[in-house]
1. So, in region 1-19, exactly how many residues are of a type in the set (S, T, N, Q), more than 13 Å from the chain's Cα centre (by Cα) and buried (at least 16 other Cβ atoms within 10 Å of the Cβ)?
2. If you go through region 19-38 one residue at a time, how many are touching a residue at least 40 places away in the same chain (Cβ under 8 Å) and in contact with a Ser or Thr (Cβ under 8 Å, 6 or more places away or on another chain)?
3. Going by the structure shown, is Leu101 closer than 23 Å to Glu47 by Cβ, open to solvent by less than 50 Å² (accessible area, probe 1.4 Å) and outside any loop (DSSP other than H, G, I, E, B)?
4. Got a number for residues in region 111-123 being in a strand (DSSP E or B) and either in contact (Cβ under 8 Å) with a residue 60 or more places away in the chain or among the polar types (S, T, N, Q) (or both)?
5. Consider region 59-98. How many of its residues are part of a loop (DSSP other than H, G, I, E, B) and either in contact with a strand residue (DSSP E or B) (Cβ under 6 Å, 6 or more places away or on another chain) or open to solvent by 30 Å² or more (accessible area, probe 1.4 Å) (or both)?
6. I'd like to verify a number: residues in region 126-147 that are under 23 Å from Pro13 (Cα atoms), surrounded by 14 or more Cβ atoms within 10 Å (Cβ to Cβ) and of a type outside the set (Asp, Glu), how many?
7. Going through region 34-58 one residue at a time, which ones are within 18 Å of the chain's Cα centre (by Cα) and open to solvent by less than 50 Å² (accessible area, probe 1.4 Å)?
8. Residues of region 20-33 being open to solvent by less than 10 Å² (accessible area, probe 1.4 Å) and at pLDDT below 95, which ones?
Amino acid sequence: MKLVVVSAGLSSPSSTRLLADRLAAATVRQAGGADVEVIELRDLATEIAQHFVTGFPPARLAAALDAVAAADGLIAVTPVFAASYSGLFKSFFDVIDKDALTGKPVLVAATGGTARHSLVTEHALRPLFSYLRALVLPTAVFAASEDWGEEGLERRIVRAGGELARFMAPAAADAAPDVDTAAAIAPRSLTGAITSVDPADGFEVTPFEERLAALRAE
């Protein structure tokens, strides 16, 4: 199996790359192993601009685009710029072949200085990859500055990595001995629908039919 990680962080080191590495590690652990290739977009900025002008990708960019197309799973992480993904991040996916991500499982994530940007994964990243016909995983991960070192971020990383592992290698993910199943999959209601309530938190979900019956009884 091949896992490709696209990081759009601009500094070195960067929180974007740190989040990308932690997501990759969680995925590989729960998948039972995978070959990981990390693509740092800051190293390809000039080649991406040249591709826009000439219509032909230089060798390093072509190799990166081929790697994404051949991957069994993709992790895409961007810093937040002007309340959305960075221009460099968007430019890379603008030059990728329109069919390269069709049906491919993609874990989206972002970093920002404040939790007020946390919905960037839903209003910007998820629509972008849905347009590219990728299979965007239910759990997206956003890390604000204050999230680092917090238990909640690690739980989201484990859950998202578990989802990607299941789509990349369902059998291996089910057999992984150290996987916390409740944390590795998206929370679900009793009917199987995805919900914001995590079963590990001890909440009980009352089926809608029971609530409706109680109202009728009144």
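1. Our first condition is that a residue be of a type in the set (S, T, N, Q); within region 1-19, this holds for 7, 11-12, 14-16.
This time we only want the ones that are more than 13 Å from the chain's Cα centre (by Cα), so: 11-12, 14-15.
In the following step, the residues that additionally are buried (at least 16 other Cβ atoms within 10 Å of the Cβ) were identified as 14-15.
Residues flagged as of a type in the set (S, T, N, Q), more than 13 Å from the chain's Cα centre (by Cα) and buried (at least 16 other Cβ atoms within 10 Å of the Cβ) within region 1-19 amount to 2.
2. The qualifying residues number 3.
3. Values: closer than 23 Å to Glu47 by Cβ: yes; open to solvent by less than 50 Å² (accessible area, probe 1.4 Å): yes; outside any loop (DSSP other than H, G, I, E, B): no.
Criteria not met by Leu101.
4. So the first thing to find is which residues in region 111-123 are in a strand (DSSP E or B), and the list is 111-112.
After this cut, where a residue has to be either in contact (Cβ under 8 Å) with a residue 60 or more places away in the chain or among the polar types (S, T, N, Q) (or both) as well, the list is 111.
Result for region 111-123: 1.
5. Looking only at region 59-98, we keep the residues that are part of a loop (DSSP other than H, G, I, E, B), and these are 71-72, 82-83, 86, 95-98.
From what is left, the residues that are either in contact with a strand residue (DSSP E or B) (Cβ under 6 Å, 6 or more places away or on another chain) or open to solvent by 30 Å² or more (accessible area, probe 1.4 Å) (or both) are 71-72, 82-83, 86, 97-98.
Of the residues in that region, 7 qualify.
6. Here is the first cut: in region 126-147, the residues under 23 Å from Pro13 (Cα atoms) are 140-147.
Checking the rest, the ones that are also surrounded by 14 or more Cβ atoms within 10 Å (Cβ to Cβ) come to 140-144, 147.
Applying the additional criterion that residues be of a type outside the set (Asp, Glu) yields 140-144.
Residues in region 126-147 being under 23 Å from Pro13 (Cα atoms), surrounded by 14 or more Cβ atoms within 10 Å (Cβ to Cβ) and of a type outside the set (Asp, Glu): 5 in total.
7. Start the filter on region 34-58 by keeping residues that are within 18 Å of the chain's Cα centre (by Cα), which leaves 34-41.
Passing the criteria: Ala34, Ile39, Glu40, Leu41.
8. Passing the criteria: Gln30, Ala31.
The values are calculated or read from the model by the stated rules, or taken from the named source; none is laboratory data. A quick note: this is a predicted structure, and the numbers were derived from the prediction, not measured. For neighbour counting, all protein chains shown are included, and Cβ atoms are generated from backbone atoms with ideal geometry for every residue, glycine included. Calculation scope for accessible area: heavy atoms of the full protein, side chains included, ligands and nucleic acids excluded. Shrake-Rupley method; radii C 1.70, N 1.55, O 1.52, S 1.80 Å.
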